[in-house]
Structures are given as structure tokens and as C-alpha cells.
Amino acid sequence: MRNEPQLITYVDRLGGDLAGLRAVLDGPLAGAFGGVHLLPFFHPIDGADAGFDPIDHTTIDRRLGTWEELATTIGADFDLMADLIVNHVSDRSAPYLDWAANGADSPYDGMFLTFDSVFPGGATEGELSAIYRPRPGLCFTVKGVAGRSRLVWTTFTANQVDIDVDHPASVAYLDTILDRFEAAGVDLVRLDAVGYAIKKPGTSCFMLPETFDFITRLGDACRDRGMAMLVEIHSYHRTQIEIAERVDLVYDFAMPPLVLDALYTGDGTVLAEWLRIRPTNAVTVLDTHDGIGVIDVGRDQTDPSRPGLLAPERLDALVEEIHRRSGGASRRATGAAANNLDLYQVNCTFADAIADDDRYLLARLIQVLVPGVPQIYYVGALAGGNDLELLARTGVGRDINRHHYTPEQIAADVERPVVRRLLALLRWRREAAALFAGEFSFDLGDGGAGSGADGGHRLTLTWRRGVDGVEARIDLATATFELELTDGGGNRVVSDLLELAPARS
């Protein structure tokens, strides 16, 4: 996989279909991306969870195109990432409907988790309250199965029924999806919701030792088919470090809140500490189709004695500052204010969370310069604001950051100064990809401690590869920077991203 910027996008929300998305990649966004993560494009894309509850995980929604089109329009020229939704299956899928109708006589009996299948002897109040879930309440839904009511396990929504990933029917189901991905030329598989995949009585049912074993088996299955694997888990930062030791790639979900914290306070101390210990086999993000994670920098939710990267009062201040800068829009889209109760994230576009173009571009500069593969969410690529109209229409908090772009809106947005500078940065980062196989170092000036202009606000990020290099001197307090570019022995200093020209590789 190329170490070049990747675009994260829904097909229908940026281009309409596969051909339309390719036109955007070749037109307004030309040269900025070497890879594309296509958010769920399976049948259907407009279910209960924006495609993460497919009825048929091996069929492309006909409104978007076909597997052949996917391979030829996107996969032929870009690294292609697709989601493997491992934890659950739609309650409208053929396997579930067969089991719901026939129960023990179904070939899928045992594939779907129920209260009884996990707790055959019953469960205590303590066991049930210990289960970790990203929503309030218990993770069970009453459904009819073969004429009687059953408590089925539903970690996310009532329409997404969890599966026993060790059951032969589940193993065959997941293998069929991987085979389909391999045939379509998918390069990278993103494991969605894998942290919840293993259920075990008396535990949190989240990121257990058996979960790590399951991730290892899936990684082997992907690599056997020539695909790499990216693990998507919002969790305690030490857990991310452990996961990174066993997989190809992990998300750096701690980066978005820590970059915001550094730019809000002018103090890069905590960000620098994370740069010191973070895994480098990472995909770096500032925004995704989900919200801005806060659980990733807080204390361990399954063991509160383990402190987070940010102290509780500083994390609270960070969340409140997002709400303030977004004019209260993020508060309306988060938690009990919205239909989907997100306990571990704040729903807001990254641009509105910063509400300052210079700091927005500085955040992107940090993102593309730290070790890892930078992924840019489609709304973020256009420095988009919160979609309050969509939020009001659906009541789904995450929709505030899931705008449907028209061609006219895209054409207008790419002419905005902030977007022109961001695209210049991404094009440079793509052309300079070879440099990022070199040596990375960083330094936090003014003693590396304190806050604001009194210390810890001068961050230097450096890459060296032979005679080529880049040194970014960033002032977090004033939101200014200088890039010193060394190319074949020559030097130039850039203080405006529009001045970036393709680097020699």
C-alpha cells in the first residue's frame, strides 16, 4: 500500500455513484489522493446505520454501480479500502430471516447471539452491568424467532444482530465477503466494530484476549488473499498500542482530540507525549464518518484506575470548547440530544470544531507530517461545516458531518482559500511520499512543559531521507508555521501552503 493521502468517503455523498466519484477524483480533487476508503457501498446504503447494516455484504447497492465498475473506476488507479463488518448482520439479511422463521431447524441456528447462548445458566446484575457498550442501556432486543420471543444480542442498533464469529456459518459468511473483496481488487480491509466481536460471561465483552486472537485470524485470512488489514477500535490508548503490535495498521484515534487540545490551549505537551509513544503503523485521521472521539484520550473505561492522556478536567474543557466554537451545534448532535446516543464521541465537523482556517490548516499539516498514512474525510477535504439541515431532518447526530454534496457545491468549495491550501498540502504530501520512508524526529520547544505562550507551544516535526528533508516549525499559540524544504541539497522556506510545489522523490 502506498504511503499517500487517502480519501474517506461515501460514494453517494460525493459524486452520486462510482463513475461520479471518479470524476471528482480526476477533476476537483485531482492529484490529492493515492487511495480511497469507500464507506459501506453494499446493499443497501440507506439502512438503519448508513450502510453499516447491509442486507447483503457481497452485493453493491445498484444505485452506485457494480463490482466490475468498482475495480475499473476506482481500484485500477487508487489503493482501495472496503469495510468488513464483523460484529453483526442486518435483521433483514437472508441468514437472519431464515433463522427467525425456522429457529433450530435453520442452517444458521447458532450463528446469531442470544442472551441464552452467551449466558446459558443466566446472568447476574453484575455480569450484565459489566458489558461494555457504546450506547446506554443493555445490549439485547426482543425479537420473534420460530414463534417465540428471544433476547438477541444487539450491540449497536436493534436492526444489527451480533453473530458468533466462531460458528461455522459465521466463518463461512466472513470468508465469502473476503473472497468477494479479493476478486474486486480491494487492497486494504477495514475491520469495523471488531472490538465487540467476542462475548464471554463475566467480562466486559470488549477487547478480550480472545478478541486479539480473532483479529490475528482475520489478519491471516486477509494476507492469504493479498490484502492488508486496518483495525477500527475506539478504546484506551494503551490498548491501541497493544493492538498495533499484532496487526498491519491501526487508526490513530487519539490524534484528533490531542491536536484540538494543543491548538485550543497553545500547549503541545500532551500531543508530544503521544508522539513519543504512539504506534507508527497507523492511519492518521482528524475526522471520519463518526464523531471526534474522546474515549481514546480518556481513562480506561473498563478499568478507571488507568489514567488517560488528558486529565478529566482537561478533557471536559476540550468537549465544552468544541461546543462553544461550533455555536452549540455539536451539543445538539451529541448524546441524548440526538437519536443515536454516542457515549464516546462528539459529533461535529473538524472545521467547525476549530472555527479558524489557519488552525484548521495547521492541524492538517501536523496530520500529514506525523508517521502514518493520512486519511482525509470527504467533508474535511472540503473544510465543510456542520449540516444542521440534515441533522434536523434525520435526528441522527452523526449526520451533522455526513453532508450530501452536489457537483456545484464541490466546484465552489475547491475555490475557497482554505481548501485550495489543503489540496496543495495533500498534493505535495503525495508527491513527496518517498521522503516519508526516511527518519522522523520531533521536538517541543520552550522546555516542553507549561501552557500557552509560557512554554510547550513550539513544535518541530522533521523528516530526513538522504539529502532530502522537511522541517516544520509550528507555533501552536499563534497558529503560524514555517516549512523548510531540502531538495537535492537546495533549501527553501514556505510559510503559505500555496507555495508548495511537488517535491522530488
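The values are calculated or read from the model by the stated rules, or taken from the named source; none is laboratory data. The structure displayed is predicted, hence computed values, not measured ones. Please note: Cβ atoms are built from the backbone with ideal geometry, for glycine as well, and neighbour counts cover all protein chains shown.
Looking across the stretch 16-38, just one residue is more than 22 Å from ARG430 (Cα to Cα), of a type outside the set (Asp, Glu) and part of a loop (DSSP other than H, G, I, E, B), and that is GLY16. Which ones in the stretch 414-427 are surrounded by fewer than 17 Cβ atoms within 10 Å (Cβ to Cβ) and in a helix (DSSP H, G or I)? Listed by number, the residues that qualify are PRO417, ARG420. Within this structure, ASP303 fails the test of being buried (at least 16 other Cβ atoms within 10 Å of the Cβ) and either part of a loop (DSSP other than H, G, I, E, B) or in contact with a Gly (Cβ under 8 Å, 6 or more places away or on another chain) (or both). Has the stretch 140-149 got at least one residue that is out of contact with any helix residue (DSSP H, G or I) (no Cβ under 8 Å at 6 or more places or on another chain), crowded, with 19+ Cβ neighbours inside 10 Å, over 19 Å from GLN301 (Cβ atoms) and aliphatic (A, V, I, L, M)? There is no residue in the stretch 140-149 that is out of contact with any helix residue (DSSP H, G or I) (no Cβ under 8 Å at 6 or more places or on another chain), crowded, with 19+ Cβ neighbours inside 10 Å, over 19 Å from GLN301 (Cβ atoms) and aliphatic (A, V, I, L, M). The numbered conditions (1) under 27 Å from GLY144 (Cα atoms); (2) touching a Leu at 6+ places or on another chain (Cβ under 8 Å) are all true for LEU218 except (1).
Residues in the stretch 179-193 that are touching a helix residue (DSSP H, G or I) at 6+ places or on another chain (Cβ under 6 Å) and either in a helix (DSSP H, G or I) or within 11 Å of GLY219 (Cα to Cα) (or both): VAL189 only. So LEU361 fits all but one of (1) modelled with pLDDT under 95; (2) over 17 Å from the mean Cα position of the chain (by Cα); what number is the exception? Here LEU361 clears every test but (1).
Condition test on VAL161, is it among the β-branched types (Val, Ile, Thr), under 25 Å from LEU39 (Cβ atoms) and outside any loop (DSSP other than H, G, I, E, B)? Write out each step before concluding.
On the way: among the β-branched types (Val, Ile, Thr): yes; under 25 Å from LEU39 (Cβ atoms): yes; outside any loop (DSSP other than H, G, I, E, B): yes.
Answer is yes for this residue.
Could you tell me whether the stretch 257-278 includes any residue that is of a type in the set (Val, Ile, Thr) and touching a Gly at 6+ places or on another chain (Cβ under 6 Å)?
Within the stretch 257-278, one or more residues are of a type in the set (Val, Ile, Thr) and touching a Gly at 6+ places or on another chain (Cβ under 6 Å).
Number of residues in the stretch 133-159 that are within 16 Å of PRO95 (Cα to Cα) and at pLDDT below 95: the value is 1. Number of residues in the stretch 456-476 that are at pLDDT 95 or above and not in a strand (DSSP E or B): the value is 1.
Given the conditions (1) under 18 Å from THR349 (Cβ atoms); (2) part of a loop (DSSP other than H, G, I, E, B), and given that LEU309 satisfies all but one, which numbered condition is not satisfied? Status for LEU309: all satisfied but (1). Of all residues in the stretch 221-242, which are of a type outside the set (S, T, N, Q), under 19 Å from the mean Cα position of the chain (by Cα), surrounded by 21 or more Cβ atoms within 10 Å (Cβ to Cβ) and in a helix (DSSP H, G or I)? Listed by number, the list holds a single entry, HIS237. The residue that is nearest to PHE481 (Cα to Cα), among those in the stretch 338-397 that are surrounded by fewer than 20 Cβ atoms within 10 Å (Cβ to Cβ) and of a type in the set (Val, Ile, Thr), is VAL396. Touching a strand residue (DSSP E or B) at 6+ places or on another chain (Cβ under 6 Å), within 21 Å of ARG133 (Cβ to Cβ), of a type outside the set (Phe, Trp, Tyr) and part of a loop (DSSP other than H, G, I, E, B): is that true of THR288 in this structure? Yes, satisfied. Considering the stretch 405-431 alone, what residues qualify as being closer than 16 Å to TYR377 by Cα and among the acidic types (Asp, Glu)? Of everything in the stretch 405-431, just one residue is closer than 16 Å to TYR377 by Cα and among the acidic types (Asp, Glu), namely ASP413.
Checking ASP83, ASP91, ASP61, ASP46 one by one, the residue that is in contact (Cβ under 8 Å) with a residue 60 or more places away in the chain, under 29 Å from LEU286 (Cα atoms) and not hydroxyl-bearing (Ser, Thr, Tyr) is ASP83 and no other.
Name every residue in the stretch 179-212 that is of a type in the set (Asp, Glu), out of contact with any Gly (no Cβ under 8 Å at 6 or more places or on another chain) and modelled with pLDDT of 95 or more, in order of residue number.
To start, the set of residues in the stretch 179-212 that are of a type in the set (Asp, Glu) comprises 179, 182, 187, 192, 210.
Going one step further and asking which of them are out of contact with any Gly (no Cβ under 8 Å at 6 or more places or on another chain), we end up with 179, 192, 210.
Selection gives ASP179, GLU210.
Restricting attention to the stretch 398-409, the residues that are surrounded by fewer than 21 Cβ atoms within 10 Å (Cβ to Cβ) and assigned to a helix (DSSP H, G or I) total 3. Of all the residues in the stretch 360-394, those that are assigned to a helix (DSSP H, G or I) and of a type in the set (S, T, N, Q) number 2. Just so you know, in the stretch 134-158 the residues that are part of a loop (DSSP other than H, G, I, E, B) and of a type in the set (S, T, N, Q) include one that is nearest to ALA50 (Cα to Cα), and it is THR157.
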